[in-house]
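K.L.:
Take a look at the following structure, please.
The values are calculated or read from the model by the stated rules, or taken from the named source; none is laboratory data. If you're wondering where the values come from, they're calculated on a predicted model, not measured in any experiment. Neighbour counts run over all protein chains shown; Cβ positions are idealised from the backbone, glycine included.
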């Protein structure tokens, strides 16, 4: 158990709908990362938040958005869903984000949310 | 662009054998971190081993070791005395600490350990 929780575990919805995925980071972790794992695109970084603020963006569609709340939990909102959005969505957390050249804080992954769009 | 490539989609070995998974990467940065993650059928992402680019010594974690060749931008994972529980997808990943620390993943290698 990594200490990162994600809800729901599974989500089945229809095209055109909107869903919200939730992530609670490990206690004390300030950074939250969202990743998408799909058959077509593999594992790719979507977005990162640090202490409530957006820190970095990856290959995140405009239909997707995220936020991190004062209690540090994060939500990933997916709207106007398409069949191709079906994937496993991971959240990861780390202690902090550093701009130093030689430092890294391990990312701990949650169990993921399996999204199926029909 | 920083990329990570795994050229072996699938591998299969017998239990107790040694297996090596390959990974190459491309970056112009000098300081970075490399990882191998294991994803068993449960889909949980599990960190197996990590290597700091500024360290010349290859990382080792029990039966898992890496061969890090910085000049060749190669980072292979060796699993010794393989066990049935090693059956999983293995992802090579890299992160570059300048700024955000997002992980860049390879395509994955599906490893099967046969009894």
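K.L.:
Out of the residues in the range A:12-25 meeting the condition of being surrounded by 18 or more Cβ atoms within 10 Å (Cβ to Cβ) and outside any loop (DSSP other than H, G, I, E, B), tell me which one is farthest from the other protein chains (Cβ to nearest Cβ).
P.N.:
A:19
K.L.:
Out of all the residues in the range A:1-11, which are in a strand (DSSP E or B), surrounded by 15 or more Cβ atoms within 10 Å (Cβ to Cβ) and within 12 Å of chain B (Cβ to nearest Cβ)?
P.N.:
Within the range A:1-11, A:6 is the sole residue that qualifies.
K.L.:
For residues that are more than 13 Å from the chain's Cα centre (by Cα) and either free of Cβ contacts under 8 Å to residues at least 12 places away in the same chain or buried (at least 16 other Cβ atoms within 10 Å of the Cβ) (or both), tally how many sit in the range B:57-68. Lay out the reasoning, then the answer.
P.N.:
Filtering the range B:57-68 for residues more than 13 Å from the chain's Cα centre (by Cα) gives B:57, B:62-63.
Okay, now just the ones that are also either free of Cβ contacts under 8 Å to residues at least 12 places away in the same chain or buried (at least 16 other Cβ atoms within 10 Å of the Cβ) (or both), so B:57, B:62.
Of the residues in the range B:57-68, 2 are more than 13 Å from the chain's Cα centre (by Cα) and either free of Cβ contacts under 8 Å to residues at least 12 places away in the same chain or buried (at least 16 other Cβ atoms within 10 Å of the Cβ) (or both).
K.L.:
Sticking with this structure for a sec: Could you tell me which numbered condition residue B:47 fails, if it satisfies all but one of (1) surrounded by 20 or more Cβ atoms within 10 Å (Cβ to Cβ); (2) in a strand (DSSP E or B); (3) within 12 Å of chain A (Cβ to nearest Cβ)?
P.N.:
So residue B:47 meets the others, but not (1).
K.L.:
Output yes when any residue across the range B:103-112 is more than 13 Å from every other protein chain (Cβ to nearest Cβ) and either in contact with a strand residue (DSSP E or B) (Cβ under 9 Å, 6 or more places away or on another chain) or modelled with pLDDT of 95 or more (or both), and no when none is.
P.N.:
To start, the set of residues in the range B:103-112 that are more than 13 Å from every other protein chain (Cβ to nearest Cβ) comprises B:111-112.
Applying the additional criterion that residues be either in contact with a strand residue (DSSP E or B) (Cβ under 9 Å, 6 or more places away or on another chain) or modelled with pLDDT of 95 or more (or both) yields B:111-112.
Looking through the range B:103-112, at least one residue is more than 13 Å from every other protein chain (Cβ to nearest Cβ) and either in contact with a strand residue (DSSP E or B) (Cβ under 9 Å, 6 or more places away or on another chain) or modelled with pLDDT of 95 or more (or both).
K.L.:
What do you reckon, is residue A:92 at pLDDT 95 or above, at the interface with chain B (Cβ under 9 Å from one of its Cβ atoms) and farther than 23 Å from residue A:14 by Cα?
P.N.:
Taking the combined requirement at face value, the residue satisfies it.
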